Structure formats: C-alpha cells, structure tokens
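**Q** Got a structure here, written out as structure tokens. Questions coming.
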Amino acid sequence: MNDIDFLYQLKQKILEKYRVHYPYYKGSIHDFGNTEITQLLDLVEQECQERVSEKWIYTHLKPQKNEKLPRKDMLNIFCRWIGYSGWDEFKYKIDKTEATIGNSKPNDSDKESNYSFKKTAYVALGILIILAIGISFNIDSSYEAKIYLNDKYTQKSIETNRATIFFLNKNEKQKLKKENNYFILKSNKAKVHLLVESPYYKTDTLIVNFEYNNSGNYEYDLQPDDYAMMLRAYMNANIDDWNRRKRQLNNILDDDAVIQEVMFEDIGVEFLNKQEFINKITTPTKSVKKMEVVSIEYKDKKIISLKYIQKK
C-alpha cells in the first residue's frame, strides 16, 4: 500500500468513529456537510485539544480522490483521535492487519469452529435483548422538564433558535428538542448535566436535579457575550457613524482572524480577511441585516474566529 491508500483507510476509520457518536448518519465522509464537519471538529478538539480548520476538511477529507498526502502533523491529530499514537503507528498497524488477512486461509475446522461460535453468540445476544427489554420496563423514565433560558442582565427570554442545549451522556452530546420558547428534557436519571452553547451567550453547564425540584419547569440565566452582541447590533441597526463602527471592529478583530460565511445547501464556505469583513459589515445594504453569527472564538480578548450566515 502507498501513502494515499493509507489516507483512504484513515478516512474510513474517521467515519467509523464519527458514527459511534452520531449513529444516525448514513452517508459517507464525502457527503459531509457543514453540520457533520462542525460536529467532527468539535469531537477532535474535545479529545485531542487540537484545532483543525474546515478548509482542511474540505481539501483533504471530503474529496473522493486525493492527489497528494496532507501534512503529517495534521494526519497525526486524526490518528490520535481514532486511537493511534500517530501516522506512523497507524500505517504500521494497518499494513500488519492487511498482511495477516491476506495470509490467512480458513480450513474446514476453522469454519466449523466459527459456525459454533456464531451460534453461541446469537443465543447470548438473544438473552441479552430479552433482559434489556425486561429491565427497560422497570426503569423510571418519568422525569421530564421544560428548560427556559433568560438573558442574565435584561431577564428577557432567549429565543430557542439562539441557543443549543446538549444532554451530556459520557462522551456524547445529544441535542434537546425545541418547542416554542423552551427546550424539552426527558431522562431516567434524577440528576442531569446539560451544556448550553450560543453564538451570543457564553457557554455554560447547567445541572437539573429532579429530587429538589419536580415542578417540571426550570429557568437559567446566560451571560451575554459582549463582542457577539455588538456584532449583532451592527448587523441589525441603522448606525450613522460608520467611521466609529469601523474603529470598533478593527479593535475587537484580530489581524489574522479567520472569518467564514457559511453557505446554505452545503456548498461550502467563503473566507474573508479582517478588512473584507469590516468593509462588508459597514456597508449600508439590506444583506447586512440578514447576517447572523453562528460561532465566535477569542484569544487575548480579540476575535480570532468568526462564522456567520446570510439568513434567507
């Protein structure tokens, strides 16, 4: 196998691990859209403490055919994420596995043993399923709550489309459903940890304890993200002092900030530099009012990464 063949193997392993977290995804890695890419990058950052750009995914993971091998340091990140020490160990283990498979030829006794093993496994699986069904009837799944979010300072209700709440279950994050102006939580546990993410409010962890409050309604305050709120105000207000706006944007944006306009219908992203974004947001057009922040990241009190969309 050459290096490109190993890269294709790595793509398959990445897809397999992604499906562990999101088993309902049935497409291939070449079909990844903005949602899947964002989820993948979040998983890699959480487990490896490394950031990978969306552009890298579009350039190296999504294509069905790769002409050249990506940088080794980036390959090392994904190899660590799927359980190897790095690219070298991944190639060694895959090459060894391929050689073992190629040299092994099952004989009649192997086939008979394999059949016996499969038969035993199916019986054991059937017993486990029956036990699981029996146990499920005894689990208390009556815990249900409505989660309301408010702005910490104004105490106004936060629209559900401006935040996402995740149910934290071991290493997985499961989104809560939205209904009107609240989120719906269903659980068989008396104490639940939730994670709230929003482009306009600071990320926070919430604890729902049904033993202390079984009213079914829970309210939590979120602290606004000042810079994100400023951008939102710029996008939605008629401000006459354009020069003052430009100065303020210049102060809060890092010179090397990665700014992306996320396109609809999974056609990719458009990258803007700092000055292009400032010019765009300070030009009084109708399209500016359709801009909506998707995510924002900081370093040293400056914006280093910003994603936004143009609302339809």
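**Q** Expressed as a whole number of Å, what is the distance separating the alpha-carbon centroids of region 9-54 and region 70-96?
**A** 16 Å
**Q** Would you mind counting up the charge near Tyr153? Only other residues with Cβ under 14 Å from its Cβ, with Lys and Arg at +1 and Asp and Glu at -1.
**A** Working: positive: Lys152, Lys156, Lys202; negative: Asp151, Asp221, Asp225, Asp226.
Taking every Cβ under 14 Å from that of Tyr153, the sum is -1.
**Q** Using a 1.4 Å probe, what is the accessible area per residue for region 1-91, in Å²? Kindly include the intermediate steps, with their values, before the conclusion.
**A** Details: 4680 Å² over 91 residues.
Ligands and nucleic acids excluded, the result is 51 Å² per residue.
**Q** Of Lys65/Lys173; Lys17/Lys55; Lys62/Lys302; Lys65/Lys290, which pairs sit farther than 26 Å apart, going by alpha carbon to alpha carbon?
**A** Details: Lys65/Lys173 32 Å; Lys17/Lys55 21 Å; Lys62/Lys302 31 Å; Lys65/Lys290 36 Å.
Exceeds cut-off: Lys65/Lys173; Lys62/Lys302; Lys65/Lys290.
**Q** Excluding ligands and nucleic acids, what accessible area in Å² is computed for Lys93 using a 1.4 Å probe, to the nearest 10?
**A** 80 Å²
**Q** If you don't mind, there's one more thing I want to ask. Rounded, prolate or oblate: pick one for region 1-90, where a ≥ b ≥ c are the square roots of the eigenvalues of its C-alpha gyration tensor, a/c under 1.5 means rounded, and failing that, prolate if a/b is larger than b/c, else oblate. Don't jump to the answer; show the numbers that get you there.
**A** Details: a/c = 1.43, a/b = 1.19, b/c = 1.20.
Judged from the Cα gyration tensor, region 1-90 comes out rounded (a/c under 1.5).
**Q** From largest accessible area down, sort Tyr234, Tyr92, Tyr298, Tyr143; use a 1.4 Å probe on the protein chains.
**A** Sorted descending by solvent-accessible area, the residues read Tyr92, Tyr298, Tyr143, Tyr234.
**Q** Let me ask something additional. If you rank Tyr25, Tyr308 by how much accessible surface each has, with a 1.4 Å probe, what is the order from largest down?
**A** On the way: Tyr25 25, Tyr308 0 Å².
Per-residue accessible area, sorted high to low, gives Tyr25, Tyr308.
The values are calculated or read from the model by the stated rules, or taken from the named source; none is laboratory data. In this text the structure is predicted, and so the values were computed from the model without any measurement. FYI the Cβ positions are ideal-geometry reconstructions off the backbone, even for glycines, and counts take in every protein chain you see. Surface accessibility is based on the protein's heavy atoms, side chains included, excluding ligands, DNA and RNA. Shrake-Rupley method; radii C 1.70, N 1.55, O 1.52, S 1.80 Å.
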